[in-house]
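The values are calculated or read from the model by the stated rules, or taken from the named source; none is laboratory data. None of these values were measured; they are calculated from a predicted model. Virtual Cβ from ideal backbone geometry, glycine too; neighbours counted across all protein chains shown. Only protein heavy atoms, including side chains, enter the accessible area calculation; ligands, DNA and RNA are left aside. Shrake-Rupley method; radii C 1.70, N 1.55, O 1.52, S 1.80 Å.
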Amino acid sequence: QAQLVESGGGLVQPGGSLRLSCAASGSIFRINTMGWYRQAPGQERELVASITRGDSTNSADSVKGRFTISRDNAKSTVYLQMNSLKPEDTAVYYCKMNIFTTEPYSMKDYWGKGTLVTVSS
């Protein structure tokens, strides 16, 4: 099994920045795609950005030019640098990783429990 733990959320003023981190632990053999999703109150969970093992990235149009996703394979960690934050970025942010574990011997998606980002003056 694997576990994901997010950190870095909080309250920030419009125009400010935050950096989210998500670290995986457990019986990890390999981590494939890593991603960040968010869910605002009353809305569906949506993809914010993702990054493959080969460092190809994809991001939602609403965050292009403001958010940057990156990964550190040695630390089993994915980051989301969020700049020029807007009130509409307020949401719970979740990380997701596709992980190949050795115990049990399987590959599946794992989710973190989420970290709240609030953008408000």
For this session: Could you quote the convex hull projected area for the chain, Cα atoms only and averaged over all directions, in nm²?
Result: 7.0 nm²
Exercise. Do you know the relative contact order of the chain, to the nearest whole percent, from alpha carbon pairs under 8 angstrom that are 6+ apart?
Worked result: 37 percent
Problem set entry | GNM top mover of MET107, MET34, MET97 - the chain, alpha-carbon springs below 10 Å | MET107
Seminar exercise, completed: The summed charge of the ARG38 Cβ neighbourhood (under 9 Å; Lys/Arg +1, Asp/Glu -1) stands at -1
Problem set entry | Probe 1.4 Å, all protein chains present, accessible-area order of THR57, THR115, largest first | THR57, THR115
For this session: List the GluC sites (Glu not before Pro) within the range 1-74 that fall in a DSSP loop (any state other than H, G, I, E or B) and whose Cβ has at most 16 other Cβ atoms within 10 Å.
Result: GLU44
Problem set entry | Candidates LEU20, LEU11, LEU80: whichever shows maximal mean-square fluctuation once the chain is modelled as a Gaussian network with Cα springs under 10 Å | LEU11
For this session: Work through the residues other than ALA60 whose Cβ is under 10 Å from its Cβ and net out their charges, Lys, Arg +1 and Asp, Glu -1.
Result: 0
Problem set entry | Computed accessible area, SER62, all protein chains, 1.4 angstrom probe, square angstrom | 60 Å²
